[in-house]
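Input: a single structure, listed below in structure tokens.
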């Protein structure tokens, strides 16, 4: 036992020293979750049991017993786990299946990939801010409004303004019981950074009604294809992402209804438009 403790301590010290230069990728299972302090059994690369600190967003998610992957960083008190994503084999298989089918469709469409009004929304398999894997089918049956952002956006007139507009829309929808089933979806186009925990913390910071408004992240290749289908363009420049922004309204059957360019919109008008497209059973 003493030999194991010494070896584990030495390994942790070496990881901390290495992580000071760059993060170390890891995969493991969360054995115990006590707020922001977790006990994780590593699967890769060392199969050792670690105690790690996590961010506030991850602390709010039920990760215990789940297989995860992420990065280990050096911290004054030991190790800190960041960029945490689910790593259950069956979930990864289902994500890969959707990603591959979507990419084939993207390639087949060529230049005509952007979807227009009356086209069906593309399929997706992404994790929300509670690390729950969700699919297109989970949101059918009621209208939805969808946009794209990234949480570290530094332009107040872009992603922050877009999220504030979505917050106002959610507040407007909450006033009308007839619109209780309407979904709001926000997909990050920076999935390498915007893990479920980061999105959870971000949504909480804006006072979002998270029962209605889901923030989605996942396979970067799948998200890249989704952006093409929804006409979202990005260019990395000077450490940030330059991009356009739009609000896409989608029917209960999953057909694109309207596209409104820009980060800001009239929440009252959008809520009224979504009410027009309610299925009779949801009115």
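The values are calculated or read from the model by the stated rules, or taken from the named source; none is laboratory data. Bear in mind that the values here come from a model prediction, so they are computed numbers and not experimental data. Please note: Cβ atoms are built from the backbone with ideal geometry, for glycine as well, and neighbour counts cover all protein chains shown.
Results, tabulated for the structure shown:
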read-out	value
Verdict on residue 191 being surrounded by 22 or more Cβ atoms within 10 Å (Cβ to Cβ), free of Cβ contacts under 8 Å to residues at least 40 places away in the same chain and within 15 Å of the chain's Cα centre (by Cα)	yes
Matching option when the condition is assigned to a strand (DSSP E or B), at pLDDT 95 or above and surrounded by 13 or more Cβ atoms within 10 Å (Cβ to Cβ), among 52, 98	52
Set 229, 183: member being touching a residue at least 24 places away in the same chain (Cβ under 8 Å) and farther than 18 Å from residue 272 by Cβ	229
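Yes or no, residue by residue, for (1) surrounded by fewer than 19 Cβ atoms within 10 Å (Cβ to Cβ); (2) in a strand (DSSP E or B); (3) modelled with pLDDT of 95 or more; (4) over 18 Å from the mean Cα position of the chain (by Cα):
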site: 199; (1), (2), (3), (4): no, no, yes, no
site: 211; (1), (2), (3), (4): yes, no, yes, no
site: 215; (1), (2), (3), (4): no, yes, yes, no
site: 221; (1), (2), (3), (4): yes, no, yes, no
site: 232; (1), (2), (3), (4): no, no, no, no
site: 256; (1), (2), (3), (4): no, yes, yes, yes
site: 264; (1), (2), (3), (4): yes, no, no, yes
site: 275; (1), (2), (3), (4): yes, no, no, yes
site: 278; (1), (2), (3), (4): yes, no, no, yes
